Each structure stands twice: as C-alpha cells, then as structure tokens.
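Read through the structure below, which is laid out as structure tokens, and then see the notes.
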Amino acid sequence: MNPEVIAFIGGGNMASAVIGGLLRAGLSARQILVVEPYEPQRHKLAAEFGLQPLAAGDATLAAAGTVVWAVKPQLFAEAAAPLKAWVGGALQLSVMAGIRTDSLVAATGAERIVRSMPNTPALIGQGIAGLYARPAVSADERVAVDKLLAPTGQTLWVAREDDLDAVTALSGSGPAYFFFFVEAMMAAAVDMGLTAEQGRRLALATCAGAAALGLASDESPTTLRERVTSKGGTTYAAVTSLQADAVDAAIRRAVLAAQQRAAELGKEFG
C-alpha cells in the first residue's frame with residue numbers, strides 16, 4: 001500500500017473535480033487509479049487527465065492508501081462487493097449521498113472511514129463539503145482529507161454523522177434553492193420588460209456579489225439586509241411582500257423537508 005496512491009471508485013463529475021485539483025496540485029497521473037464501468041467516461045478521463053481508468057476493479061487497487069467512493073448511492077453495494085478484498089486496508093472517503101458509515105464498514109471491512117457531503121459548486125472549486133469521521137480516523141488522516149478536497153472548495157467537520165443530514169439539506173441541496181430563486185427573479189425581469197438574459201445576468205451578479213459581501217463582512221446577514229432596507233423604500237416594499245407571503249417560514253420548512261428525506265434515504269440505502 002502506498003499512501004500517495006488514491007483510488008476513485010466512480011469517475012463522474014465529483015470525482016473529476018477532485019482528480020483535476022489533485023493533478024493541478026502536483027500529483028502524478030500514475031498515483032491516481034479510477035474504476036469507471038462507463039466506457040465514454042473512461043475515454044473522457046483518459047483524454048482530459050492522461051489516466052488509464054479500469055472498467056472493473058482488480059488487485060492494483062490494493063496499492064491505494066486512500067479509496068474515494070464516488071458512485072451513485074443505489075449502485076454502491078454492487079460496486080463494492082467485488083472490491084472488498086483489495087480496498088479494506090485503505091482510508092475510505094465517501095462522497096456519496098445517503099450511504100451511512102456503518103454500511104461502508106460492512107461493505108469494505110474498513111473502520112477508517114470519512115463521509116463527505118459536497119455540493120455542485122465543487123465543480124468550479126467553490127463548493128463546501130460537510131465531513132464526518134469515524135473514531136478510527138486519525139488527526140493526520142483528517143488533515144489529509146482536507147488537503148484532498150481542498151481543490152473543490154471549503155470543508156466543515158461535524159461531530160455527529162446525523163449532522164450530515166442537516167448539511168445535505170442546507171448546502172448539499174442549497175444550490176438548487178438558489179437557482180430556484182434566480183429563476184423567479186428572471187421571470188420578474190421579463191414581467192418588467194427586460195429580457196430573460198438581462199434578468200439572468202443581473203440576478204446572478206447580484207447574488208454572487210451579495211454572497212461575497214456576506215463572506216467578507218463581520219456583520220450578520222440580518223444587519224446587511226437592514227442596511228439595504230430603508231423604511232418606505234423599494235427594498236422595504238419587496239421584503240414586506242416576502243414576509244406577508246411567509247417566504248422565510250416556507251424556506252425553513254423546505255430545508256427541514258430535505259433533512260428528513262436525507263435521513264430516510266440513509267435508512268433505505270443502509
């Protein structure tokens with residue numbers, strides 16, 4: 001086993017985001033193994049990264065110090081069964097939604113398991129991933145996971161595995177809430193006589209700028225909102241309308257619904 005060799009089980013978008021970052025950080029293509037059954041994706045990985053992906057796992061996986069599980073959750077049991085003999089001694093990192101670490105232990109025979117809940121902005125290095133580690137994972141291995149995921153964005157460790165259901169609901173699913181809001185702003189732009197493209201540019205730039213301001217400021221989102229909201233002004237009219245429609249309560253209910261579904265999926269896949 002070589003701690004500098006990383007094996008990816010699944011070579012889709014999330015795996016590709018991590019692989020690209022690792023190569024840009026100086027890792028050699030020879031240190032990356034990928035198992036990807038889908039032939040067109042193997043060709044894409046070979047062309048983009050100079051890798052030689054495997055259609056199925058074999059004994060070469062035993063060289064990996066870290067195994068990254070990046071298959072679709074419903075395919076995990078089928079993918080893991082033939083690999084157990086080779087991967088059990090490695091540090092396991094899962095980026096699969098819904099698969100609990102108990103299921104990973106049963107499927108791999110490993111106890112050194114980190115479970116991650118990333119989100120789609122990871123594809124451009126702007127994501128945030130919630131992370132949970134089982135007790136057998138060392139402090140140094142946590143640092144190694146942070147380093148491995150650094151090209152995809154930020155990381156946030158949680159103390160309880162159940163907290164990943166909340167992470168899933170908030171940041172994992174969160175980009176969809178954002179785009180839902182942008183869609184509504186674009187529709188309003190058209191209602192007001194602008195084009196959909198003008199609405200898209202204005203909405204996305206405004207949201208990106210507001211997020212950057214929030215990250216750069218020590219002030220709370222409430223304070224930042226209030227700074228824009230003059231009594232009797234245009235923003236006040238909009239926020240008052242949102243409050244009258246109980247949009248804030250609806251958002252909270254939506255996030256809690258996502259958390260509940262995340263917990264249900266964990267039980268189903270388990």
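Here, each number is a calculation from the coordinates, and none is a lab measurement. None of these values were measured; they are calculated from a predicted model. Quick reminder, even Gly has a Cβ in these numbers, built from the backbone with ideal geometry, and neighbours come from all protein chains shown.
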For the chain, build the charge dipole from Cβ charges (+1 Lys, Arg; -1 Asp, Glu) around the Cα centre, then report which of Ser138, Gly109, Leu213 sits farthest towards its positive end.
Leu213
Segment 14-166: equivalent-ellipsoid semi-axes (sqrt of 5 x gyration tensor eigenvalues, Cα, Å)
22, 19, 15
Kindly identify segment 192-249 as rounded, prolate or oblate by the Cα gyration tensor criterion: order the square roots of the eigenvalues as a ≥ b ≥ c, call it rounded if a/c is under 1.5, otherwise compare a/b with b/c, prolate if a/b is larger, else oblate.
oblate
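If the only charges are +1 at each Lys and Arg Cβ and -1 at each Asp and Glu Cβ, what is the size of the charge dipole of segment 123-232 around the Cα centre, to the nearest 20 debye? Kindly include the intermediate steps, with their values, before the conclusion.
Values: 9 positive and 13 negative charges, 59 e Å.
Dipole of segment 123-232, to the nearest 20 debye: 280 debye.
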Relative contact order (%) - criterion: Cα under 8 Å, at least six apart; region: the chain
15 percent
Quick one: grab the alpha carbon gyration tensor of segment 140-270, order the square roots of its eigenvalues as a ≥ b ≥ c, and give me rounded if a/c is under 1.5, else prolate or oblate depending on whether a/b is larger than b/c.
prolate
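When a/c is below 1.5 the answer is rounded, else prolate if a/b is larger than b/c, else oblate, so apply that to segment 130-182 with a ≥ b ≥ c taken from the square roots of the Cα gyration tensor eigenvalues.
Values: a/c = 5.03, a/b = 1.75, b/c = 2.87.
Taking the square roots of the gyration eigenvalues as a ≥ b ≥ c, segment 130-182 is oblate.
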What does the helix-only formula give at 222 nm for the chain: each DSSP H stretch with n ≥ 4 adding -39500 (n - 2.57), the total divided by the residues, and the result rounded to the nearest 500 deg cm²/dmol?
-15500 deg cm²/dmol
Neighbour-limited loop hits for GluC sites (Glu not before Pro), segment 72-141 (at most 15 other Cβ within 10 Å; DSSP other than H, G, I, E, B)
Glu111
Under a 10 Å cutoff between Cα atoms, tell me which one of Pro53, Pro135, Pro151 has the largest fluctuation in the Gaussian network model of the chain.
Pro135
With +1 assigned to the C-beta of every Lys and Arg and -1 to the C-beta of every Asp and Glu, and no other charges, what is the dipole magnitude of the chain about the Cα centre in debye, to the nearest 20?
160 debye
Can you compute log10 of I(q)/I(0) for the chain with the Debye formula, treating each Cα as one identical point scatterer, at q = 0.10, 0.12, 0.13 Å⁻¹?
-0.60, -0.81, -0.91
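Could you tell me which trypsin sites (Lys or Arg not before Pro) in segment 177-244 are loop residues by DSSP with no more than 16 other beta carbons within 10 angstrom of their beta carbon?
Working: sites: Arg200, Arg201, Arg225, Arg227, Lys231; in loops: Lys231.
Sites meeting the loop and neighbour criteria: Lys231.
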Segment 76-119 and segment 245-270: distance between their alpha carbon centers, rounded to Å
25 Å
Count charges around Ala150 for me, please; just the other residues with Cβ under 14 Å from its Cβ, Lys/Arg as +1, Asp/Glu as -1.
+2
